[in-house]
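Bear in mind these aren't lab numbers, they're just calculated from the coordinates by the rules spelled out. Keep in mind that this is a model prediction, so the values were computed, not measured. Neighbour counts are summed over all protein chains in view; Cβ atoms, including those assigned to glycine, are modelled from backbone coordinates with ideal geometry.
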């Protein structure tokens, strides 16, 4: 046993220095045994989520594999039937969007609300952009959506902007410049296009509606990783269906399901699997047991 | 009829003490306190999970999630399953709803140690200790040790008693009625600010714990020399250390502040109660500058203060007054979204600056004989306090007193002074730390 020469207290076998005064233990008769610690040892970059790191990576990996499969299987079927990638590009894109929005945050060391929001937000923007390119051969209706999303993102960034930047650039200035730029851009497009009311606003409205419903669901009732995944899958499905209806109405003049049908087919197995896991306590228990550390 | 209603209800009101916690809960101020039982052998997580599953239906009032109503937060029955997790380097880390299935308590294991962390929203030290003792008892049973229950452990086969669900703050305030103006013991406003230790604050994911293991006979003998109890004696040492630190940190004598230590009092020792929810109050020995006495006088002051203020009559007055605050129409009918920030502001400005530290003595823990052979140590620690920065928790078990300090600052001035003083008095102290 060792004693602190300054404090006079007896130290534990794992103490390299006195926890009270920091005096280094200098006892030639003993070896410091860190394995006898009473608490787990702090790691250099210990964060609150540290113990969940491995579980998070595992969840991220499982999600990546699931999305990869939902992208690959339709692509292989398409290649086999049509000997080219035709319709399978939609499930591929949807899976990519889901992976970007859901799986990527699980690989991040530290999640922040704004960081995760940005990933999902720009993921949707890129998705919309590619869909537009594929359908119309150029940047047509998606420019309204993307520019509106950029505006919302800047407004959000103003709230979460780090103090270091805020010190030099006032948030209000960023807001004014962005708002003026956005409305000038919109005005120049609307001069020969009336897509704002029939396309941009419904798309924005549908995103807002889904976001609000999800937000209140999470706040009021939902907890648990399975509910969380289920909600994201469900939201993606609803957004895709709503987008499809609104875009088809804008392009063809009537509502119809087109590409969202493929997204629904791709997502339904995942939703059903999550629901089964949620319902079956034994399976859920097994997953908790296997994933806990 | 009422009994069935309570037992079958899927939601409960927060008890009167707990109402304040949702407003002040943050990643730093987690409101979690912890019991850690060190056994003689390595913990088997699967058996611990089984033990938890056996006991958790016996404590329905703990199997709840915190929800928001329009006027008050409330506790909703959580039908999910609590799971055990591996312990973390920093005790009392904030609860993650997704990770913890929405429960307000955590069961953790590490090597030979089983730790249970409880949010003050659902219970105080007494309720949590009963839960932890029952868990350890069932775990040891599953391990094949078959300890005999001498009545000190709750029986999991029994149905929970209606009294265990009750908010006894409210019950006793209804029995004794509202306090008159003279009887009011309100302690939130109009008091001078207490000294708060200065120091480099650690990030929210760090919480330093130092436990001093002290032979209880030596400590009791020393306390008796001053005609004081262990709580009174340790509070006096705590106060003296705070005074010394203030003199060191505040050079201008005009800026010296009062030094005050909150001492929780278990109301179950004063009034008949079966409640497993919060049922404790505080007395706060306070010394005003510039006249800080010597140690002998200090022990006398602390002893007299605690004995005068921890009388049943005074505590009932505090209890009645505390309940009357929550019952006043101004508080009762204000929506929660307004109530929470206002409460947070009041607590963080007026409330938390009225004490320089907390010393909670849970008393002696007695376990069945066979269980005592299998449980080596019991450590109790309080939740991180970002205002006072340090706090102390005391628990007695098997001839030893475990004095645990928790701090959110880098340096350990209080622990250093308190333990050095004890050593100087000839009391042996052995340290554990994270």
Viscosity 1.306 mPa s, temperature 10 °C: give me the Stokes-Einstein translational D for the stretch B:72-138 in µm²/s, with Rh taken as the Kirkwood radius over C-alpha pairs. 123
Mind jotting down the distance between the C-alpha centroids of the stretch B:320-337 and the stretch B:366-401, whole Å? 35
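How large is the translational diffusion coefficient of the protein assembly as shown in µm² per second when you combine the Kirkwood radius over alpha carbon pairs with Stokes-Einstein at 25 °C and 0.890 mPa s? Could the numbers behind the result be given before it?
On the way: Rh = 29.1 Å.
Roughly 84 µm²/s, to the nearest whole number.
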Over the Cα atoms of chain B, what is the Rg over Rh ratio if Rh follows Kirkwood? 0.95
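Averaged over peptide A:9-20, how many Cβ atoms belonging to another chain are found within 10 Å of each residue's Cβ? Walk me through the intermediate numbers first.
Numbers: counts 13, 7, 4, 6, 0, 2, 3, 0, 0, 6, 13, 16.
Average neighbour count from other chains, rounded to a whole number: 6.
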Computed over the Cα atoms of the stretch B:208-433, what is the ratio Rg over Rh, Rh following Kirkwood? 0.98
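Which length gain, in nm to one decimal place, applies between residue B:221 and residue B:200 when the Cα-Cα distance is subtracted from 0.36 nm times their residue separation?
3.9 nm
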The simple spin-label model distance between residue B:376 and residue B:252, using points 7 Å out along Cα→Cβ, in nm, is 5.1
Length-normalised contact order for the stretch B:2-161 - Cα pairs under 8 Å, 6+ apart - percent: 31
Considering the Cα trace of the stretch A:1-41, what is its radius of gyration and what is Dmax, both in angstroms? 9.7, 26
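Report the gain in length on full extension from residue B:161 to residue B:308: 0.36 nm times residue separation, minus Cα-Cα distance, nm rounded to one decimal. Show your work: numbers first, answer last.
Values: separation 147, 0.36 × 147 = 52.92 nm, distance 3.38 nm.
Between residue B:161 and residue B:308, full extension yields an extra 49.5 nm.
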What is the distance, in nm, between label points placed 7 Å from the Cα along the Cα-to-Cβ direction at residue A:113 and at residue B:42? 4.3
Restricting to Cα atoms and excluding each atom paired with itself, what does the Kirkwood estimate give for the stretch A:74-121 in Å? 12.3
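Counting other beta carbons within 10 Å of each Cβ, put B:129, B:422, B:364 in order, fewest first. Walk me through the numbers on the way to the answer.
Details: B:129 20, B:422 24, B:364 13.
Ranking B:129, B:422, B:364 by Cβ neighbours within 10 Å, fewest first, gives B:364, B:129, B:422.
Rounded to the nearest 0.05, what FRET efficiency is calculated for residue B:340 and residue B:192 with R0 set to 35 Å and r the Cβ-Cβ distance?
On the way: r = 27 Å, r/R0 = 0.77.
Once rounded, the FRET efficiency stands at 0.80.
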Taking B:385, B:218, B:150 and counting other beta carbon atoms within 10 angstrom, the fewest-first order is B:150, B:218, B:385
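Hey, got the average number of other protein chain Cβ atoms within 10 angstrom for residues in B:43-56? Spell out each step's value before the answer.
Working: counts 0, 0, 3, 1, 0, 0, 4, 0, 0, 0, 1, 0, 0, 0.
The per-residue average across the peptide is 1.
How big is the C-alpha Rg of the stretch B:268-397 next to the rule-of-thumb value 2.2 N^0.38 Å, as a ratio?
Values: Rg = 18.7 Å, N = 130, 2.2 N^0.38 = 14.0 Å.
Dividing the Cα radius of gyration by 2.2 N^0.38 Å gives 1.33.
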Over what distance in Å are the Cα centres of the stretch B:98-149 and the stretch B:208-258 separated? 31
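Where does chain B land at 222 nm, in deg cm²/dmol rounded to the nearest 500, when only DSSP H runs of n ≥ 4 count, each adding -39500 (n - 2.57), divided by all residues? Spell out each step's value before the answer.
On the way: 14 runs with 147 residues, N = 434.
Calculated mean residue ellipticity at 222 nm is -10000 deg cm²/dmol.
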Shielding by other protein chains, B:81-92, mean Cβ within 10 Å: 4
